[in-house]
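> The following block contains the structure, expressed as structure tokens.
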């Protein structure tokens with residue numbers, strides 16, 4: 001018996017030894033400079049004659065304005081800013097003049113500017129220490145609307161300014177809604193009579209009102225029990241209906257409409273994911289609905305009269321992110337992206353089965369076949385709750401070649417990691433790091449119950465979700481369990497610091513990108529124009545002026561920085577108005593006292609996020625250098 005078993009064992013070993021050796025996978029190593037030679041484009045407003053599109057592009061190093069002919073001929077650069085990023089808004093009606101938006105060094109005080117045909121630029125909202133947001137053209141195209149907090153820094157009022165006054169060089173904004181009560185103006189009827197207002201109560205509960213400018217009457221139209229969110233989208237062309245998104249009596253957001261005359265509400269569209277946005281084409285031939293479907297955008301275009309879905313042009317191996325249709329409803333613009341290529345812009349005529357690609361945003365020296373497709377995954381957390389995530393596995397990873405990994409945490413709280421392209425993630429994966437972008441409880445896109453699960457539990461259950469992400473990475477069989485770090489920006493930066501502070505043995509390194517470290521200060525110093533949202537934010541996070549301050553102190557990593565034992569990197573914008581630089585200054589100083597490696601980079605010309613390529617190259621390149629030093633090569637690093 002033993003002899004037969006021995007013969008069988010030898011036979012099996014012989015078979016294994018005769019198997020051909022697996023071919024080692026090799027992937028070209030791309031530099032951070034190559035990744036940031038990619039181009040980011042946004043916008044895509046049609047000119048009145050439909051012959052060209054107005055876009056923002058960062059191919060100059062920061063965002064400038066370009067116009068792209070729809071026939072595919074060469075684009076034209078309209079601005080040459082070297083300091084501030086310019087973001088396209090719209091062409092003027094029947095004119096090549098354009099509107100765009102820009103702030104100052106990332107301070108978020110956006111102004112609205114006009115560029116004329118000769119290239120002259122005029123600030124149309126030159127209000128000191130105030131911001132302005134474009135709000136659309138009037139139906140007759142003789143004026144446009146914007147919101148601004150110039151009257152009261154805490155609240156955004158609604159203004160209307162005539163095109164004639166703008167062209168005469170003397171803009172005369174007319175105040176058409178004075179916001180004294182902390183309401184947000186969300187939609188306006190085509191005849192300018194009705195406004196849809198919302199009032200934030202918590203991050204999962206708000207109220208909706210209909211305001212009649214003719215009578216001055218404000219009608220509460222969202223009376224409900226329990227938590228529900230309401231998001232007005234648009235009024236019908238005949239001014240009879242308000243279309244809005246809500247999740248009343250539902251875990252997911254759906255599209256409803258409200259009859260202004262009768263007060264009746266009726267369902268328009270519902271599915272088992274959140275409806276993200278909805279609008280009608282200019283003459284109401286089409287209804288466009290965007291659905292947040294498991295981290296991807298699913299767009300439906302419906303012919304309203306027949307109820308039939310319109311088939312959009314097929315674009316292989318790509319997702320349509322957004323669509324804009326011309327006023328005559330004959331031509332469309334698509335923004336299309338993948339997880340291995342930045343977004344591109346396409347145009348088509350209604351009825352076409354193919355679309356014309358107008359941009360090529362991926363650096364031609366990078367082969368997308370060498371990049372990694374995002375994979376939507378689920379894993380169980382500490383209490384059995386399924387946690388959605390986006391996983392990127394290096395092509396070189398295998399059971400014989402285990403790689404280091406990072407848990408990536410999105411911003412928020414309440415943000416979402418989605419399937420899409422991000423050069424930093426692809427750069428890290430290309431350099432041999434697996435990345436798991438976690439959508440911990442409290443993330444948006446997975447229903448209101450999931451969204452509310454971390455309320456006043458930040459740094460606890462949400463952090464545990466991230467820690468259990470380590471188990472997913474280890475269970476892949478291709479990740480080195482001794483080489484897993486954590487990284488994130490804003491709220492994700494907070495999660496990084498919470499992990500290093502409250503669970504110092506879980507992650508080998510941490511990268512904090514403008515992350516909150518002192519909730520008491522952050523919640524007291526939020527921008528003044530967040531006033532209408534302040535109570536809702538306090539309801540989720542805690543009120544620093546009440547007994548909640550004790551809990552906020554206890555969940556602020558700054559006050560427990562002596563617990564940090566692992567290498568830390570911090571990136572910060574000097575002009576950040578959401579997470580002040582002092583937050584990062586203090587945590588860096590505190591952690592250095594532990595004799596822990598700390599690397600700190602402050603960008604004097606950035607705010608809450610990066611807009612300049614040179615800063616992305618410097619900051620993100622340093623991140624990988626830091627990871628190479630303290631995570632990839634230091635398995636036996638002294639802890």
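> Taking the residues in the range 277-294 that are under 22 Å from residue 378 (Cα atoms) and free of Cβ contacts under 8 Å to residues at least 60 places away in the same chain as candidates, determine which candidate is surrounded by the most Cβ atoms within 10 Å (Cβ to Cβ). Step through it out loud before you land on a result.
Narrowing the range 277-294 to residues under 22 Å from residue 378 (Cα atoms): 291-294.
Okay, now just the ones that are also free of Cβ contacts under 8 Å to residues at least 60 places away in the same chain, so 291, 293.
Details: 291: 22, 293: 17.
Restricting to residues being under 22 Å from residue 378 (Cα atoms) and free of Cβ contacts under 8 Å to residues at least 60 places away in the same chain, the top hit is 291.
> A follow-up question, please. Can you tell me which residues in the range 500-513 are out of contact with any helix residue (DSSP H, G or I) (no Cβ under 6 Å at 6 or more places or on another chain) and more than 19 Å from residue 550 (Cβ to Cβ)?
Selection gives 500, 503, 505.
> Just checking, does the range 229-237 include any residue being surrounded by 20 or more Cβ atoms within 10 Å (Cβ to Cβ), modelled with pLDDT of 95 or more and not in a strand (DSSP E or B)?
Among the residues of the range 229-237, at least one is surrounded by 20 or more Cβ atoms within 10 Å (Cβ to Cβ), modelled with pLDDT of 95 or more and not in a strand (DSSP E or B), which makes the answer yes.
> Could you tell me whether residue 277 is part of a strand (DSSP E or B), at pLDDT 95 or above and over 25 Å from residue 540 (Cβ atoms)?
Values: part of a strand (DSSP E or B): yes; at pLDDT 95 or above: yes; over 25 Å from residue 540 (Cβ atoms): no.
So residue 277 fails the test.
> Have a look at 131, 142 and point out the one that is surrounded by fewer than 19 Cβ atoms within 10 Å (Cβ to Cβ) and touching a helix residue (DSSP H, G or I) at 6+ places or on another chain (Cβ under 8 Å).
Details: 131 fails: surrounded by fewer than 19 Cβ atoms within 10 Å (Cβ to Cβ).
Being surrounded by fewer than 19 Cβ atoms within 10 Å (Cβ to Cβ) and touching a helix residue (DSSP H, G or I) at 6+ places or on another chain (Cβ under 8 Å) holds for just one of 131, 142, which is 142.
> Residue 475 passes all but one of (1) farther than 29 Å from residue 603 by Cα; (2) within 23 Å of the chain's Cα centre (by Cα); (3) modelled with pLDDT of 95 or more; which number fails?
Condition not satisfied by residue 475: (2).
> Could we say that residue 152 is surrounded by 19 or more Cβ atoms within 10 Å (Cβ to Cβ) and assigned to a loop (DSSP other than H, G, I, E, B) here? Steps first, answer last, please.
Details: surrounded by 19 or more Cβ atoms within 10 Å (Cβ to Cβ): no; assigned to a loop (DSSP other than H, G, I, E, B): yes.
No.
> Mind listing whichever residues of the range 593-633 are in contact (Cβ under 8 Å) with a residue 12 or more places away in the chain and assigned to a loop (DSSP other than H, G, I, E, B)?
Within the range 593-633, 593, 594, 596, 597, 604, 605, 606, 608, 610, 611, 612 meet the criteria.
> If I filter the range 430-446 for residues that are assigned to a helix (DSSP H, G or I), modelled with pLDDT of 95 or more and either within 23 Å of residue 373 (Cα to Cα) or touching a strand residue (DSSP E or B) at 6+ places or on another chain (Cβ under 9 Å) (or both), do I get at least one hit? It would help to see each step written out before you state the result.
Initially, the range 430-446 is screened for residues assigned to a helix (DSSP H, G or I), giving 430.
Now narrow it down to the ones that are modelled with pLDDT of 95 or more: 430.
If we keep only those that are either within 23 Å of residue 373 (Cα to Cα) or touching a strand residue (DSSP E or B) at 6+ places or on another chain (Cβ under 9 Å) (or both) too, we end up with 430.
The answer is yes; a qualifying residue exists.
> Could I ask something else about it? Is one or more of the residues making up the range 189-200 out of contact with any helix residue (DSSP H, G or I) (no Cβ under 7 Å at 6 or more places or on another chain) and at pLDDT below 95?
Taking every residue of the range 189-200 in turn, at least one turns out to be out of contact with any helix residue (DSSP H, G or I) (no Cβ under 7 Å at 6 or more places or on another chain) and at pLDDT below 95.
> Considering every residue within the range 80-99, establish whether at least one is in contact (Cβ under 8 Å) with a residue 40 or more places away in the chain, surrounded by fewer than 16 Cβ atoms within 10 Å (Cβ to Cβ) and under 28 Å from residue 615 (Cβ atoms).
yes
> Still on this structure: Out of the residues in the range 248-261 that are part of a loop (DSSP other than H, G, I, E, B) and in contact with a strand residue (DSSP E or B) (Cβ under 7 Å, 6 or more places away or on another chain), which is nearest to residue 288 (Cα to Cα)?
Initially, the range 248-261 is screened for residues part of a loop (DSSP other than H, G, I, E, B), giving 248-253, 260-261.
After this cut, where a residue has to be in contact with a strand residue (DSSP E or B) (Cβ under 7 Å, 6 or more places away or on another chain) as well, the list is 252-253, 260.
Details: 252: 18, 253: 16, 260: 22 Å.
Only one residue fits best here, namely 253.
> So is residue 57 under 22 Å from residue 337 (Cβ atoms), at pLDDT 95 or above and either touching a helix residue (DSSP H, G or I) at 6+ places or on another chain (Cβ under 9 Å) or buried (at least 20 other Cβ atoms within 10 Å of the Cβ) (or both) or not?
Values: under 22 Å from residue 337 (Cβ atoms): yes; at pLDDT 95 or above: yes; either touching a helix residue (DSSP H, G or I) at 6+ places or on another chain (Cβ under 9 Å) or buried (at least 20 other Cβ atoms within 10 Å of the Cβ) (or both): yes.
Yes: the conditions hold for residue 57.
> So which residues in the range 456-480 are part of a helix (DSSP H, G or I) and within 19 Å of residue 493 (Cβ to Cβ), if there are any at all? Steps first, answer last, please.
Of all residues in the range 456-480, those part of a helix (DSSP H, G or I) come to 461-475.
Passing the criteria: 461, 462, 463, 464, 465, 466, 467, 469, 470.
> Going through 514, 533 one at a time, which residue ends up being closer than 30 Å to residue 152 by Cα, in contact with a strand residue (DSSP E or B) (Cβ under 7 Å, 6 or more places away or on another chain), in contact (Cβ under 8 Å) with a residue 60 or more places away in the chain and crowded, with 24+ Cβ neighbours inside 10 Å? So that I can check it myself, show each step before the final result.
Working: 533 fails: crowded, with 24+ Cβ neighbours inside 10 Å.
It is 514.
> Can you name the residue in the range 115-128 that is outside any strand (DSSP E or B) and surrounded by 15 or more Cβ atoms within 10 Å (Cβ to Cβ) and, of all such residues, is modelled with the lowest pLDDT? Working first, answer last.
Within the range 115-128, the first condition is being outside any strand (DSSP E or B), and the residues that meet it are 116-120, 124-128.
Those left that are additionally surrounded by 15 or more Cβ atoms within 10 Å (Cβ to Cβ): 124-125, 127.
Working: 124: 97, 125: 97, 127: 93.
It comes out as 127.
Yes/no matrix, rows are residues, columns are (1) assigned to a loop (DSSP other than H, G, I, E, B); (2) touching a residue at least 40 places away in the same chain (Cβ under 8 Å); (3) in contact with a strand residue (DSSP E or B) (Cβ under 7 Å, 6 or more places away or on another chain):
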site	(1), (2), (3)
108	yes, yes, yes
113	no, no, yes
134	no, yes, yes
141	yes, yes, no
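> If only one of 365, 321, 300 is assigned to a strand (DSSP E or B), over 21 Å from residue 53 (Cα atoms) and in contact (Cβ under 8 Å) with a residue 12 or more places away in the chain, which one is it?
Values: 365 fails: assigned to a strand (DSSP E or B); 321 fails: over 21 Å from residue 53 (Cα atoms).
Answer to the check: 300.
> Something else about it: Which members of the range 581-597 meet the condition of being under 28 Å from the mean Cα position of the chain (by Cα) and either more than 30 Å from residue 85 (Cβ to Cβ) or buried (at least 20 other Cβ atoms within 10 Å of the Cβ) (or both)? Reasoning before the result, please.
Let us first name the residues in the range 581-597 that are under 28 Å from the mean Cα position of the chain (by Cα), namely 581-588.
If the condition is that a residue be under 28 Å from the mean Cα position of the chain (by Cα) and either more than 30 Å from residue 85 (Cβ to Cβ) or buried (at least 20 other Cβ atoms within 10 Å of the Cβ) (or both), then 583, 584, 587, 588 are the ones that fit.
> May I ask you to say which residue of 372, 377 is surrounded by fewer than 22 Cβ atoms within 10 Å (Cβ to Cβ), touching a helix residue (DSSP H, G or I) at 6+ places or on another chain (Cβ under 9 Å), at pLDDT 95 or above and assigned to a loop (DSSP other than H, G, I, E, B)? Can you show your working first?
Numbers: 377 fails: assigned to a loop (DSSP other than H, G, I, E, B).
Every option except 372 fails the conditions.
The values are calculated or read from the model by the stated rules, or taken from the named source; none is laboratory data. All values derive from a computational prediction rather than experimental measurement. With ideal geometry, Cβ positions are generated from the backbone for all residues, glycine too; neighbour counts draw on all protein chains shown.
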